[in-house]
Amino acid sequence: MLWDLFWTFTKVGVISFGGGYAMIPVIEHEVQAHQWMTSQQFSQAVSAAGMAPGPIATNSAIFVGYQTAGVAGAAVSAAGIILPSFLLIILAAAFFRKVYKHRTTKSVFYGLRPVVTGLILYAAVHFAVLNGLLGGKVVSILWSVVIMGGALVALGKYKVHPLVVLLVSGLAGAAFFTV
């Protein structure tokens, strides 16, 4: 089990570009393929990972590893997802200065931008559906949109600290959704 976790998250770390949220669909695919969690459990894990300090993909891998094989599973999952980036950045740093201004290098990075945006958008829509924000009860959708809109305004217009926005949004969720 530990080797499966390490190898799976190492593969995710190797093939995922765009970081964080762009990696979530790839992680979910692997989690589903190994039947480590249901879609709902994974959605909850990603929600928890997003609220914890640190990168969401790494936090998600740690959560999956912990749920699957305890502390050892969390450790090997974290090592697996971090190791490829760590090694790649060390190697890339040595060569990147020489090729960064090259036209082909810039073209590759420009080509990756829409893919990363698409992966992030897919993850957002997918989790919105799983969590009932899209396709759920009308009242739940309305309150969810109000909370999301308030969070966007607080973060974007008023530059409120994200921790404060998380706290207030959580309290609003407790008030609006408590039965």
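Observations
- Cβ-based exposure ranking for THR68, THR105, in which fewest neighbours within 10 Å come first: THR105, THR68
- With the charge dipole of the chain set up from +1 on Lys and Arg Cβ and -1 on Asp and Glu Cβ about the Cα centre, the Cα lying farthest toward the positive end among the listed residues VAL12, PHE42, ALA22 is that of ALA22.
- Placing unit charges on the Cβ atoms only, positive for Lys and Arg and negative for Asp and Glu, gives the chain a dipole magnitude near 900 debye about its Cα centre.
- Computed [θ] at 222 nm, helices only, for the chain once each DSSP H run of length n ≥ 4 contributes -39500 (n - 2.57): -29000 deg cm²/dmol
- Between 0 and 90°, nearest 10: helix 103-130 axis offset from the chain longest Cα axis: 30
- Helix axis angle, 39-51 relative to the chain longest principal axis, alpha carbon, degrees: 80
- Signed unit charges on C-beta, dipole axis of the chain, positive-most listed residue VAL160, SER60, PHE127: VAL160
- Sparse-neighbour loop sites [chymotrypsin sites (Phe, Trp or Tyr not before Pro); the stretch 87-162; at most 14 other C-beta within 10 Å; DSSP]: TYR100, TYR158
Each value in this text was obtained by applying a stated rule to the coordinates, not by laboratory testing. Because the structure is a prediction, the values reported are computed rather than measured. When we count neighbours, we look across all protein chains shown, and the Cβ atoms used for this are built from the backbone with ideal geometry, even at glycine.
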